[in-house]
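Reviewing the structure listed below.
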Amino acid sequence: MENRVTGVMIYYYFVCKRKLWYFINEINMESDNENVMLGKLLDENSYRRDDKHINIDNVINIDFIKEHQELHEIKKSKAIEEAGIWQVKYYLYYLKQRGVKGLTAKIDYPLIKKNIVVELSEDDEVQLQKIVADIEKLKMQEQPPAFEKQKICGKCAYHDLCFI
Ligand code: SF4
């Protein structure tokens, strides 16, 4: 069974915990995708020149710009900006825990031609530890968290499960 907390889970944690529960239970039914080892991130030869999409342990799925040692996440809109920021902070945290330091990160919003820099503070690290523990607990729950209407319900893939 997949035990990792992924970046998308961190994102959904901030979007809607019920959505996160559905998502977790759905992906637990999926088989493993290919794993790309963390070592590859550090392996100079695994990059050509600049941009490269990387997948690490199926936890991180992001663009990496080697020249600037910079992670890039692309989002369509700033509607749930906080969730996106925490997702990217989690990437920095996850990599730092595995010895990859000195990275910076940006979220790009191409549709509005903006980007923001994301940094990881010590407080963020403490917060992320709590969030990961919370998500681990949620994974053990047999029932989804109670329904609470969210702004994004209308566009949510699990809409029908909540609004029948
Ligand atoms: S429909 Fe709304 S409440 Fe239900 S999972 Fe989606 S976002 Fe959450």
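The values are calculated or read from the model by the stated rules, or taken from the named source; none is laboratory data. Keep in mind it's a predicted model, so treat the numbers as computed, not measured. No Cβ is skipped: glycine too gets one built from the backbone with ideal geometry, and neighbour counts run over all protein chains shown. What goes into the accessible areas is simple: the full protein's heavy atoms, side chains included, and nothing from ligands, DNA or RNA. Shrake-Rupley method; radii C 1.70, N 1.55, O 1.52, S 1.80 Å.
Just need a number here: residues in region 124-140 that are open to solvent by 30 Å² or more (accessible area, probe 1.4 Å) and farther than 15 Å from Tyr91 by Cα.
The total comes to 7.
For Tyr109, work out the one condition from (1) modelled with pLDDT of 75 or more; (2) open to solvent by less than 40 Å² (accessible area, probe 1.4 Å); (3) among the aromatic types (Phe, Trp, Tyr); (4) touching a helix residue (DSSP H, G or I) at 6+ places or on another chain (Cβ under 7 Å) it doesn't fulfil.
Here Tyr109 meets the rest and fails (4).
Do we have any residue at all in region 80-102 that's outside any helix (DSSP H, G or I) and within 16 Å of the ligand (Cβ to nearest atom)?
Yes, region 80-102 contains at least one residue that is outside any helix (DSSP H, G or I) and within 16 Å of the ligand (Cβ to nearest atom).
For residues that are over 15 Å from the mean Cα position of the chain (by Cα) and of a type in the set (Asp, Glu), scanning just region 114-133, find the one that is farthest from the ligand (Cβ to nearest atom).
Glu122
Looking at region 55-82 only, could you name the residues that are among the aliphatic types (A, V, I, L, M) and open to solvent by less than 20 Å² (accessible area, probe 1.4 Å)?
Within region 55-82, Ile56, Val59, Ile60, Ile62, Leu71 qualify.
Kindly indicate whether Ala157 is within 16 Å of the ligand (Cβ to nearest atom), under 28 Å from Glu26 (Cβ atoms) and surrounded by fewer than 18 Cβ atoms within 10 Å (Cβ to Cβ).
yes
Among the numbered criteria (1) out of contact with any helix residue (DSSP H, G or I) (no Cβ under 8 Å at 6 or more places or on another chain); (2) within 16 Å of the ligand (Cβ to nearest atom), which single criterion is violated by Ala146?
Condition (1) is where Ala146 drops out.
Considering every residue within region 20-30, establish whether at least one is at pLDDT below 85 and either over 30 Å from Phe163 (Cα atoms) or under 15 Å from the mean Cα position of the chain (by Cα) (or both).
yes
Looking at this structure, is Lys52 within 16 Å of the ligand (Cβ to nearest atom), modelled with pLDDT of 50 or more and among the basic types (Lys, Arg)?
Criteria not met by Lys52.
As an exercise: evaluate Gln150 against (1) part of a loop (DSSP other than H, G, I, E, B); (2) open to solvent by less than 70 Å² (accessible area, probe 1.4 Å); (3) without any contact (Cβ under 8 Å) to a residue 12 or more places away in the chain and give the number of the one condition it does not meet.
(3)
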